[in-house]
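Here, each number is a calculation from the coordinates, and none is a lab measurement. Owing to the predicted nature of the structure, the values given are computational and were not obtained by experimental measurement. Don't worry about glycine lacking a Cβ; one is built from the backbone with ideal geometry, like all the others, and counts go over all protein chains shown.
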Amino acid sequence: MKQTFGYFLIFCSVLSLLVVGNEIWKEVAAAKAHEEKLEASIHLPQMQAQLPVTLLDDKGKIFSEEYVEWREPLNYDAFPQIVKDIFIYSEDTAFFHHIGFDVSAIARAVMANSAGRPMQQGGSTITQQLVRMRYLSEEKTYERKLMELFYAYELEQMYSKEEILEMYLNEIYFGHQVYGIAGAATYYFGRPLSDLSVAELAFIAAIPNNPSLYDPLKNYDNTKARQERLLDTLAKNHIISLEDAATAKQQPIELHIKKKLQHHPAYSTYVLQELRWLVSQSEGFDERLAKTDNTEERKLISLQLDARIDELLASGIKIYTALLPEKQAADEAAVNQILSPYGIEASAVVIDNQTREIVSMFAGRNYEKLNLHRVFQAPRQPGSAFKPLIDYAPAIELLHYTPSSIISGAPYCIGNFCPQNYGGGVYGNVSISTAFSWSYNTSALRLLNKVGLEQAFGFIDRFHFQSIVEKDRNFSAGLGGLTYGVTSLEMGDAYTSFIDGSYVPARAIRKVTDLQGKTLYEWADERKIIWSAKTVRHMRSLLTDVVQKGTGIGLSTSTSYIGAKTGTTNDYKDFWVAGLTENYTTAIWTGYDEPRNMQNLEKSRIHFRIFNAIMD
């Protein structure tokens, strides 16, 4: 039966298009090439509407909304009858009688669009419009128009008229990423559909015919003029009286545009990236990527992950996070103020010591959503701030050094690698505390050589340094010389191991649920011990020495404990400070996006001021 009707449909369609001439026959020939596929059956693609994605802070309050304006679909009976009448009488008066398309209307449209003029949309029923919204492009070709007819007929076989109109009213586009007339009611008027007057209903119903031309925010007069034509149409068809139409035209239209919550863009942008990492780990994409070095295969896996993320976001989810909104706002305000006179950039991450959750972050001056996120997208050379992780803590852990142990600060080379101390200083035997506090390069290199590269990187590999690559496994890494550098997120994350010796990756996301509250994803990270209690005790003492009598003098908070390590790279291109108090751990980078010498800013201690502001 379906095959027979397929031939009949093609026959009717061809007859209606014959009047256009030879050019149409070319399009028909192209469509005929698909005949074997059409004979079998027309299978409509799966369609999924985009539903809300909301981000919630540590108290469960929404701070960011990532979605098109879509409301839970209404059922047919929930739509006011006048809404149905507006679209029926203005778009498709024969809706309840045709089979998905109207052959005579198509013929009239083809005649009007013939004589060499480009193909225009015309003669489209509500069913065809729904098909076009759901399954087809807006390409204006006869082949696409024929496919639209097939899909429209199939849709009519699958659903009742009431169901098709319900889907149409729920999915039609109203501009500004607003889908469905219920969504339009809340977006443009801030009230549910059932609370709108006839004038207001006709006003928003004017938009879908041409969302740009009838955009009430840009072309209010156009929208109002079409609203009045729609009211006249209702009166002409005796849905409302002429008097009611006149009264509705006079009713003032007061828009109350709904503003999406888009607070804390630095944090929300990061959360969406962390969501990708979470899905990749949870669904095995990470494992698949780790098993292959084939470039094409890795690209394919990444594309599949992209598709999975898109599917997840479209399904509607809630992302629960550890954000402290008041702290995020205060930190951003403080850091922006500190940076303002200097024109340089900064990044910072703040991690709660107890939960190991990311509670705030600074991604750049006056950060706007989806800009370069310096916390995780901008690795830079860490300089001496890397020494505690690769030189000192491994030496204390494996070789039993203490802060009072003696180490030489004299010149030292490994092969052709002969680093100098800051300012060219030459020192004799000094305590580990002195070498650490004043960041002697020669002493750090000696410790790394004693520990050995393999064992030192054995500790580094246990952290989450995604920016470190294989060729970084050399002795310059002991002084923070890396191929690409590290991010402030990676540094702050690793420094949490100095809280109590344990480590679990710092996360912003607590859980991801669907709109019904079912948990879809949670991090399943296992806490592991990196440093012994003795190493932690000595490292915390060394970090405090830096603040009290070393390169960190000027770092100060009101907390009972503070410890940190500073870092300055060659030619003063990067300034770092990483450290912790009893409450938080942080890593802060300051510099220019295009690295350049900042020696003139060294005395300003901008990174110190940022540390003091966000950690106090």
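Taking other residues whose beta carbon is less than 15 angstrom from the beta carbon of Tyr214, and scoring Lys, Arg as +1 and Asp, Glu as -1, yields -1. All distinct Cα pairs of the stretch 448-566 go into the 1/r average, and the inverse of that average, the Kirkwood radius, is 16.7 Å.
Computed from backbone phi, the HN-Hα couplings of the stretch 441-451 come to 5, 5, 5, 4, 5, 4, 5, 4, 5, 5, 5 Hz, rounded to whole numbers (Karplus: 6.51 cos²θ - 1.76 cosθ + 1.60, θ = phi - 60°; Gly and Pro given as x). Full extension of the chain segment joining Asn597 with Ile414 gains 63.1 nm, where the gain is 0.36 nm per residue of separation less the Cα-Cα distance.
Of the trypsin sites (Lys or Arg not before Pro) found in the stretch 452-481, those that fall in a DSSP loop while having at most 16 other beta-carbon atoms within 10 Å are Arg462, Arg473.
Taking 0.36 nm per residue of separation and subtracting the Cα-Cα distance, full extension of the segment from Ser404 to Ser340 would add 18.8 nm. Rounded to the nearest Hz, the phi-derived 3J(HN,Hα) couplings of the stretch 455-463 under the Karplus curve 6.51 cos²θ - 1.76 cosθ + 1.60 (θ = phi - 60°) are 6, 5, 6, x, 6, 4, 5, 7, 8, where x marks glycine and proline. Taking the Cα centre of the chain as the origin and placing charges on Cβ (Lys, Arg +1; Asp, Glu -1), which of Met598, Ile301, Ser433 is farthest toward the positive end of the dipole? Of Met598, Ile301, Ser433, it is Ser433. Taking only C-alpha pairs under 8 Å that are 6+ residues apart, what is the relative contact order of the chain in percent? Here the relative contact order equals 13 percent. Near the amide H of Ala410, within less than 5 Å, lie the amide hydrogens of Tyr427, all on another chain or at least 5 residues away, with H placed in the peptide plane. Here the stretch 173-260 is described by how far its Cα atoms reach on the three principal axes: 38, 26, 20 Å, from widest to narrowest.
Under the simplified labelling scheme, the Arg288-Ser194 pair shows an inter-label distance of 4.5 nm, with each label point 7 Å from Cα along Cα→Cβ. Inter-part distance, the stretch 381-454 to the stretch 236-291, computed on C-alpha centroids, equals 54 Å.
As I understand it, the value is the acute angle between the Cα axis of helix 265-282 and the longest principal axis of the Cα atoms of the chain; what does it come to in degrees, rounded to 10? On a 0 to 90 degree scale, this one is about 90. Around the amide H of Asp574, modelled in the peptide plane, lie the amide H atoms of Thr569, all under 5 Å away and 5 or more residues distant in sequence or on another chain.
Using the Karplus relation 6.51 cos²θ - 1.76 cosθ + 1.60 with θ = phi - 60°, the per-residue 3J(HN,Hα) values for the stretch 576-582 come to 10, 8, 10, x, 8, 10, 6 Hz, with x marking Gly and Pro.
Extending 7 Å from Cα along the Cβ direction at Asn366 and again at Asp244 yields two label points whose distance is 5.2 nm. Semi-axis lengths, largest first, of the ellipsoid equivalent to the chain are 65, 28, 20 Å, with √(5λ) applied to each eigenvalue of the Cα gyration tensor.
Packing, as the average of other Cβ atoms within 10 Å across residues, places the peptides 510-516, 450-456 in the order 450-456, 510-516, highest first. This model, with +1 at the C-beta of Lys and Arg and -1 at the C-beta of Asp and Glu, gives the stretch 173-260 a dipole about its Cα centre of some 340 debye. Judged by the mean number of other Cβ atoms found within 10 Å, the most tightly packed of the peptides 396-408, 315-327 leads the ranking 315-327, 396-408. Near Lys511, the amide H atoms lying under 5 Å from its own belong to Tyr320; only residues 5 or more places off or on other chains count, and H is placed 1.01 Å from N.
What order do you get for Ser476, Ser241 when you list them from fewest to most C-beta neighbours inside 10 Å?
Sorted ascending by nearby Cβ count, the order is Ser241, Ser476.
Among the listed pairs Lys565/Lys603; Lys161/Lys236; Lys259/Lys511, those with a Cα-Cα distance over 20 Å are Lys161/Lys236; Lys259/Lys511.
The protection proxy used here, the mean number of other Cβ atoms lying within 10 Å of each residue, ranks peptides 249-260, 566-577 as follows, highest first: 566-577, 249-260.
Loop-located GluC sites (Glu not before Pro) across the stretch 474-549 with a Cβ neighbour count of 16 or fewer within 10 Å are Glu522, Glu526, with loop assigned by DSSP. Would you give the gap between the C-alpha center of the stretch 334-368 and the C-alpha center of the stretch 188-226, rounded to a whole Å? Answer, in whole Å: 42. Subtracting the Cα-Cα distance of Ala330 and Glu311 from 0.36 nm times their residue separation leaves 3.3 nm of extension gain. Label-to-label distance for Glu582 and Leu255 is 5.5 nm, based on points extended 7 Å past Cα in the beta-carbon direction.
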